[in-house]
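> Input: one structure, supplied below.
The values are calculated or read from the model by the stated rules, or taken from the named source; none is laboratory data. Here the structure is a predicted model, which means the values were calculated and not measured. A quick note on method: Cβ atoms are made from the backbone with ideal geometry, for glycine too, and the neighbour counts reach across all protein chains shown.
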Amino acid sequence: MKILVIGQTSMEMYRMEFGNIGNYYILEPLFRNLHKTFPDATISTTLQLSDRFCKEENVIRLPLSLYYDLNGGNKEQVEREIEIAKDYQKSGILEETTPYLKEVSESDLIMDFSGDIWGENANLLNADRFYIGVCKVYIAHLMGKFTTLFASSPGPFDRNDHFDFAKMVFKNFDFVANREAESKAILSNYGFDTSRVESYVCPAFQFEGKQPEVELIKKYINRGGRKTVGFILTGFNFLQGPHNKWPREEEEYVNFVQLIEYIIREKEANVVLMSHSNGFKMPPDPFVQIHGSDFKHAKMLYDILMNKGYKDNIKLVEEILSPWHTKGLIGQFDVLISGRIHGAVAGFSQSIPTIVIDYGHEPIAHKTKGFVNIVGTTNFFVHPSNLSSMIKSVDNCFTGLENERGRLNEIMPKVKGTVNISFQDLKNNFTKRH
């Protein structure tokens, strides 16, 4: 058996592993569960994963150009591939081929792993990205292959020239496994056929972290009388976009600064500011990991609070931590406040009471609401524009700290087990076709 994993999630070389840390939380459990579910399968992917990952997780990396050309999309090529696939559908003979058509023809299961990029968000990144991705799935349909959109959060959508085409292709997925229920409602609102859509949870809940070195823990975690609150802020949490706007004015941080001041003064807690994204130098420079986009916001908060005299109660994680050690450090906090939903997943999955800060501007991330609903923490889901709501959530969280920790500890086995169910349902649906 052969499985081909394609998708519109982060495409650049190394980006899935060494960029947004939440991506890696999903990636590792995804491929491990695929191997566990289909133990005899060979797995290939157009995701640009490192040699280390491919070797350790037994995955074959294919050139990205099979799926998408970052320099210009390759719209003409994919439309030619569709014509070839249509001829194949009629004759059963592949008269002409391309590297992508060859991979599809040799594969039994095509998995589209697109995260929250299956929709208009794709076109915010590259020209024709969504259209080309949909075309690649359509080709698999024409060639009679089993297809699944898996562990994704589809939507929102532009009602452009390709909208009806996307709806048609979506209808013909054999199995759609969303990672939260909110996406199904979004799809229904846009008129998509959701008869083959099921809602599960994100594989990231199963990602296993590693405890950092003892000295690093001692550096950031106070085991004395004061509790430690982790704080993750991203560009999406600001009221004014775009998310990568830089520099930002100090006044844009006011609500976050006042929230942290409240935590330090009224809750008598220390706050650790940390990034949940990394970066790396791009070729032709040698590969070197650097701070990601979150770090500058953590540093800005740190500088503002230091200038206000909170040097004894505020710390900034300056080390570039791996996904494993990032989750491990999060597991040491008494409370986590996260503007990144997979940062929150790292807290939830370790039974850390967690407050989630929503996006402050477009694009609105419906996945965030979906994840919060899974864990049952809507009372700890706050909008960055509402300081009083954020403070109230902090009050409620601290008041019921042990109850919340116990509640998370009780529900997490079921949440994590739902990941296993999604893969078993994938196998069951595949088996019905074969």
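> Please find, within region 279-328, the residue that is nearest to the chain's Cα centre (by Cα) out of those that are surrounded by 16 or more Cβ atoms within 10 Å (Cβ to Cβ) and among the aromatic types (Phe, Trp, Tyr).
Once the filter is applied, the top-ranked residue is 324.
> Condition (residue is modelled with pLDDT under 95, of a type outside the set (Val, Ile, Thr) and either more than 17 Å from residue 199 (Cβ to Cβ) or in contact with a His (Cβ under 6 Å, 6 or more places away or on another chain) (or both)) applied to region 371-383: is it met by at least one residue?
no
> Another question about this same structure. Out of curiosity, is residue 108 within 24 Å of residue 365 (Cα to Cα), modelled with pLDDT of 95 or more, surrounded by 15 or more Cβ atoms within 10 Å (Cβ to Cβ) and in contact with a strand residue (DSSP E or B) (Cβ under 7 Å, 6 or more places away or on another chain)?
no
> Output the residue which, of all residues in region 20-40 that are crowded, with 19+ Cβ neighbours inside 10 Å and either of a type in the set (Asp, Glu) or not in a helix (DSSP H, G or I) (or both), is nearest to the chain's Cα centre (by Cα).
Applying the filter and picking the extreme gives 20.
> Out of all the residues in region 249-265, which are farther than 24 Å from residue 291 by Cα and without any contact (Cβ under 8 Å) to a residue 24 or more places away in the chain?
Residue satisfying the conditions is 265 alone.
> Let me ask something additional. Quick one: which helices (runs of 4 or more DSSP H) lie wholly within region 41-154 and hold at least 3 residues that are farther than 21 Å from residue 171 by Cβ?
51-57, 75-91, 99-106
> Of all residues in region 76-99, which are closer than 16 Å to residue 136 by Cα and touching a Phe, Trp or Tyr at 6+ places or on another chain (Cβ under 7 Å)?
Correct list: 81, 82.
> Please enumerate the residues belonging to region 78-88 that are out of contact with any Leu (no Cβ under 9 Å at 6 or more places or on another chain) and surrounded by 15 or more Cβ atoms within 10 Å (Cβ to Cβ).
78
> Mind checking whether some residue in region 213-235 is more than 17 Å from residue 326 (Cβ to Cβ), within 23 Å of the chain's Cα centre (by Cα) and surrounded by 19 or more Cβ atoms within 10 Å (Cβ to Cβ)?
yes
> Answer with yes or no whether residue 151 is on the phi > 0 side of the Ramachandran plot, assigned by TED's automatic domain parsing to the domain that holds residue 170 and among the aliphatic types (A, V, I, L, M).
yes
> Moving to a separate point now. Please enumerate the residues belonging to region 324-383 that are in a loop (DSSP other than H, G, I, E, B), of a type outside the set (Gly, Ala, Ser) and in contact with a Phe, Trp or Tyr (Cβ under 6 Å, 6 or more places away or on another chain).
The answer is 352, 359.
> Here is a further query. Any chance region 164-181 includes a residue that's touching a residue at least 24 places away in the same chain (Cβ under 8 Å), within 30 Å of residue 417 (Cα to Cα) and among the acidic types (Asp, Glu)?
Within region 164-181 (the criterion being touching a residue at least 24 places away in the same chain (Cβ under 8 Å), within 30 Å of residue 417 (Cα to Cα) and among the acidic types (Asp, Glu)), the answer is yes, since at least one residue qualifies.
> Something else now. Looking at region 40-48, can you tell me whether even one residue there is in the same structural domain as residue 103 (by TED's automatic domain parsing), closer than 27 Å to residue 132 by Cβ and charged (D, E, K, R)?
Checked against the condition, which is being in the same structural domain as residue 103 (by TED's automatic domain parsing), closer than 27 Å to residue 132 by Cβ and charged (D, E, K, R), region 40-48 yields no hits at all.
> While we're looking at this one, here's another question. Looking at (1) acidic (Asp, Glu); (2) modelled with pLDDT of 95 or more; (3) not in a helix (DSSP H, G or I), which one does residue 12 not meet, given that it meets all the others?
(2)
> Related question: Among what's in region 46-81 and is under 15 Å from residue 102 (Cβ atoms) and in contact (Cβ under 8 Å) with a residue 24 or more places away in the chain, pick the residue that is nearest to the chain's Cα centre (by Cα).
Within region 46-81, the match that is nearest to the chain's Cα centre (by Cα) is 46.
> Would you mind finding the one in 90, 136 that is among the basic types (Lys, Arg), free of Cβ contacts under 8 Å to residues at least 24 places away in the same chain and over 20 Å from residue 434 (Cβ atoms)?
Answer to the check: 90.
> Residue check: is residue 385 closer than 19 Å to residue 275 by Cα, touching a residue at least 40 places away in the same chain (Cβ under 8 Å) and polar (S, T, N, Q)?
For residue 385, the condition - closer than 19 Å to residue 275 by Cα, touching a residue at least 40 places away in the same chain (Cβ under 8 Å) and polar (S, T, N, Q) - is not met.
> So how many residues does region 397-407 have that are outside any loop (DSSP other than H, G, I, E, B) and either of a type in the set (Gly, Ala, Ser) or closer than 16 Å to residue 338 by Cα (or both)?
Looking only at that region, the number is 3.
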